[in-house]
Each structure stands twice: as C-alpha cells, then as structure tokens.
Amino acid sequence: MNTLYRNLILLALLPLALSATTLKDVLQMALKNNANIKAMNYDIKSKEQTLKSVSNLYNPTINIGANYSRLDLDTRSTQVGVTSMGYLKLGVDLYDGGKNSSIKRQKNYELKATKLGANATTKEILLQTVTLFYQIKTVEENIKAYKEKSKTLYAQYKREKQKYDIQMITIDEVLKLQSEYESNNYIIEDLKYQKESLYENLSLLAGQKIDSVDNTKLPEMMNLNYKPSSSIEALKVNLKVINENINQVNAIKKPKIKLEDTLSAYHYANYHENLLKDLPDVQNQLMLSFSLNLYDTSSSSKRQSAVLAKMVKNEQLNYAKSKEKMAFKLATRKLFTQKEKIKSAKSALEMANSVYDIIKTKYENGIVDNITYLDALSKKTTNMALYNQALNNYEIAKANYYFSSGVDYKKVLKMKF
C-alpha cells in the first residue's frame, strides 16, 4: 500500500517536472510580452505615421474660411455697410528651397534609426533574459548542494549527539556540528531569497509568470566574425538625420515659389444699390508668389548648432565602434577562459570529493577531529557550487559572445537548443 501511495505521488508530480520552462520559450515570451519591446513597436508605428504626414513634397493645402465685416457711423455712399465672404483656397509649394524633401528624408532616417535602436534594445533584453535564466540555474543547484550538506551535517550531528548522551565525547564537538548546521541553513535561506528575486526579474522581462526553468544549453557557435551592431548602424543613420537638419537651415536662404488659387463668394447688405451695382458675387484669384530671404538673425546660429551636433555624433560613433570591438574581443576571450574554469572547477571538485571520502572515514573511526571533517565537507560543497557556477557562466559567456559579434538574434532563436 505504501509503495502504491508513493507511486501515485510520483505520477502526480511528473507533470510539474515536465512543465519547466525552456530558455527558448522564455525568450519568445520576452519578444511577445516585454513592455519595453511593446513600447518600441508603438514608437516605430508613430514614426511611420510621421513619415506619411510629410510624404508629399509639394505640401498641398486646402482651406476654407469665412469673414464678416460691418461699417458703422460715418460711412460714405460708395461703401458697403455689411460684407460677408466665404472662400476656398488651394495652395502648393512649387519650390521651397528643398526644405520639404529634406524633411521627408529626415523622417525616413528617423524611422530607420528607431527600428535599429529597437533591434539593439531587444538584443539587450534577450541577453538579460539569458543571464537571469542561468543565474537561476546556478542558485538552484547551489541550494541542492547546501541542502545535501545540511543532510550530512544533521546525520553527523545525530551521531555525535548519541555519543554525547552516553558520555563518549564532550559537548563542544556536538555544538560545533550544530553551529555549522545552522550556518548552512542560513546560507540556504539566503539562496532561496536570491532564487525568488531572480524569478521575479525573469518574469518581469518575459511579461509572464515563470516559476521553473529547465536544463537548456545554448548551441555552440564558434569562430564568429565581428560586424557592427544595429546600435552602430543607428548612430550612422542619426548622422544623416543631422545632415538633413543642416539642409533645412540652408533652405532658409534659398528662394521660395508658391501657387495659390482662391475662390470667394460674397454677400452684401446696407449699401446704396444704385451707386454700387457691379459688386462681385463670386471671384477666383490665382496668385504666384516668389520670396527670397536676404537676411535673418537665426539661420547662422541654427546651422552652427547642427554642425556641432554632427561633430558630437561623430565622436560618439567612433567611441561606440571601439567599445564594441573591445567587447567582442573580451567576449571571445571570456568564452575560452570560462572553458578553462570549468576544467579547473571539475578537477577541484573531484579532488574535494576524494578528500572528503577519506576524511569522512577517518572521522567516523575517530582518527581526525570534527574540525578537519567540517573543513573537508565545506570544501566539497564550495567546489560543487563553483563547478555549477562555472557551467552556467559558460552559457552566459556564449550568449555574450553571440550578441557582441553582431549576429542577428533571430538567427540564434532559430537554432536548436
């Protein structure tokens, strides 16, 4: 009956074990639900609408209006007392010095820069997601290691307590084990808090509650070549935006030609009908205007401001290029360093396990004291934690290597892992 009951419990827990979230699932959740990514998508749509609003180079306008005027007191017989007018005016800019075409190019560049910036931010969010995923794995595995240490400590404590009860050992040997046991439980509680905090942050990035993760390993992508990221491309496009600002300032000094056609309808009251017989009812006025700005006090300063802004962006671009190349170089180095750390941590763990097994046997046979035993147990647990951390940090290093190379994150997500 007990066996049957235990099997039923295991079957009930099986779906929970299978429901652990994969890394790819978490990344897809972030792409779909992350609030910052959603905000960037809205920003892109906003820029698209702004581009549409300046899409016509001739800037056509249609206006309707009306006015009412009235003369009182000392009016002449040849004047109309009350005039009402309604009009429809059509206007187009035949030439505006290239300002409208420059604005259109500028808005197009701004849209492109926004898309590139959104791509860069998305990669950062995905990298944060990967980092949290494997930090959770490290903490969870450390909790297991320290819990195993607690079980061992408690078993030894019970063993020593029995010896103390029959006065085979002194109380200090029991208290030492009890103190180590309580200190170990303190570490476990702290790790549990870290785990909860990491899960909350991961859920925030994913935009969905996550309470378990699986043992996903990222694919190996070696010998990648560096190429500029979308952040660099966005800075380059922003330089073009500033160039268009300069063009728009230059357009102030160029001639402007505008064509307007106005259709007006009139109504009159309170006037001498015999003297004013030919007042127009409907008129159409076609007007072609030419203007040239010979002098103003602001265009020179505006141009200088735009030129200085371009110099700023150039320096930022040069710095960003150097920083990215350095980051990729370090990420490549980190990948190989982390592999060596795994080898060292594995070797240290194997030796710690061997030492612990030897010390444990000696301790249980009274050859060494509990201080030597506890030291061996602590080293075993610490080396287990370091090994787990090295394995998960290697996965984080792989993600840093991928993204710092400039590879498209969509290519990474299409891979099997």
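The values are calculated or read from the model by the stated rules, or taken from the named source; none is laboratory data. Being a predicted model, the structure only gives us computed values, none of them experimental. Heads up, the Cβs are rebuilt from the backbone with ideal geometry, glycines too, and the neighbour counts pull from every protein chain shown. Please note that ligands, DNA and RNA were not included when accessible areas were found on the heavy atoms of the full protein model with its side chains. Shrake-Rupley method; radii C 1.70, N 1.55, O 1.52, S 1.80 Å.
Check residue 188 against each of (1) within 30 Å of residue 323 (Cα to Cα); (2) touching a Lys or Arg at 6+ places or on another chain (Cβ under 8 Å) and name the one condition it does not meet.
(1)
Results for (1) touching a helix residue (DSSP H, G or I) at 6+ places or on another chain (Cβ under 9 Å); (2) at pLDDT below 95; (3) not charged (D, E, K, R), shown as yes or no for each residue.
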position	(1), (2), (3)
202	yes, no, yes
227	no, yes, no
252	yes, yes, yes
257	no, yes, yes
261	no, no, no
281	no, yes, no
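Residue by residue, here is whether (1) open to solvent by 60 Å² or more (accessible area, probe 1.4 Å); (2) farther than 23 Å from residue 237 by Cα; (3) touching a residue at least 40 places away in the same chain (Cβ under 8 Å) holds:
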site	(1), (2), (3)
47	no, no, yes
51	no, no, yes
63	yes, yes, no
78	yes, yes, yes
95	yes, yes, yes
106	no, no, yes
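Would a scan of region 306-313 turn up a residue that is closer than 27 Å to residue 390 by Cβ, open to solvent by 90 Å² or more (accessible area, probe 1.4 Å) and assigned to a helix (DSSP H, G or I)?
no
In region 355-382, what residues are within 46 Å of the chain's Cα centre (by Cα) and loosely packed, with under 14 Cβ neighbours inside 10 Å?
Residues satisfying the conditions do not exist here.
In region 271-283, how many residues are within 30 Å of residue 257 (Cα to Cα) and surrounded by 10 or more Cβ atoms within 10 Å (Cβ to Cβ)?
Counting residues in region 271-283 that are within 30 Å of residue 257 (Cα to Cα) and surrounded by 10 or more Cβ atoms within 10 Å (Cβ to Cβ) gives 1.
Got a sec? Which of 55, 77 is at pLDDT below 90, in a loop (DSSP other than H, G, I, E, B) and under 30 Å from residue 251 (Cβ atoms)?
Of the residues listed, the single one that is at pLDDT below 90, in a loop (DSSP other than H, G, I, E, B) and under 30 Å from residue 251 (Cβ atoms) is 55.
Would you be able to say whether some residue in region 249-261 is of a type in the set (S, T, N, Q), under 30 Å from residue 85 (Cβ atoms) and touching a residue at least 12 places away in the same chain (Cβ under 8 Å)?
no
Checking the structure you have, find out if any residue of region 137-148 is assigned to a helix (DSSP H, G or I), open to solvent by less than 30 Å² (accessible area, probe 1.4 Å) and in contact with a strand residue (DSSP E or B) (Cβ under 7 Å, 6 or more places away or on another chain).
yes
If you check residue 70 against the conditions, is it in contact with a strand residue (DSSP E or B) (Cβ under 8 Å, 6 or more places away or on another chain), open to solvent by 80 Å² or more (accessible area, probe 1.4 Å), closer than 30 Å to residue 277 by Cβ and modelled with pLDDT under 95?
Against the criterion (in contact with a strand residue (DSSP E or B) (Cβ under 8 Å, 6 or more places away or on another chain), open to solvent by 80 Å² or more (accessible area, probe 1.4 Å), closer than 30 Å to residue 277 by Cβ and modelled with pLDDT under 95), residue 70 qualifies.
Restrict the check to region 96-110 and report whether at least one residue is in contact with a Gly (Cβ under 8 Å, 6 or more places away or on another chain) and not in a loop (DSSP other than H, G, I, E, B).
No - not one qualifying residue is present in region 96-110.
Can you tell me how many residues within region 165-207 are free of Cβ contacts under 8 Å to residues at least 12 places away in the same chain, outside any helix (DSSP H, G or I) and open to solvent by less than 90 Å² (accessible area, probe 1.4 Å)?
Residues that pass the stated criteria total 2.
Name the one entry in 399, 390, 348 that is assigned to a helix (DSSP H, G or I), within 30 Å of residue 236 (Cα to Cα) and of a type in the set (Gly, Ala, Ser).
Exactly one residue qualifies, and that residue is 399.
If I filter region 135-156 for residues that are under 30 Å from residue 242 (Cα atoms) and either without any contact (Cβ under 8 Å) to a residue 60 or more places away in the chain or under 27 Å from the mean Cα position of the chain (by Cα) (or both), do I get at least one hit?
No; the residues of region 135-156 include none that is under 30 Å from residue 242 (Cα atoms) and either without any contact (Cβ under 8 Å) to a residue 60 or more places away in the chain or under 27 Å from the mean Cα position of the chain (by Cα) (or both).
Restricting to region 52-95, name every residue that is under 59 Å from the mean Cα position of the chain (by Cα) and β-branched (Val, Ile, Thr).
Selection gives 54, 61, 62, 64, 92.
Listed residues 219, 228; which is under 36 Å from the mean Cα position of the chain (by Cα), open to solvent by less than 50 Å² (accessible area, probe 1.4 Å) and either within 30 Å of residue 414 (Cβ to Cβ) or touching a residue at least 24 places away in the same chain (Cβ under 8 Å) (or both)?
219
Which of the residues belonging to region 284-303 are open to solvent by 100 Å² or more (accessible area, probe 1.4 Å), at pLDDT below 90 and not basic (Lys, Arg)?
294, 295, 297
Read through the list (1) open to solvent by less than 70 Å² (accessible area, probe 1.4 Å); (2) in contact (Cβ under 8 Å) with a residue 60 or more places away in the chain, then give the number of the only condition that residue 115 fails.
Residue 115 satisfies every listed condition except (1).
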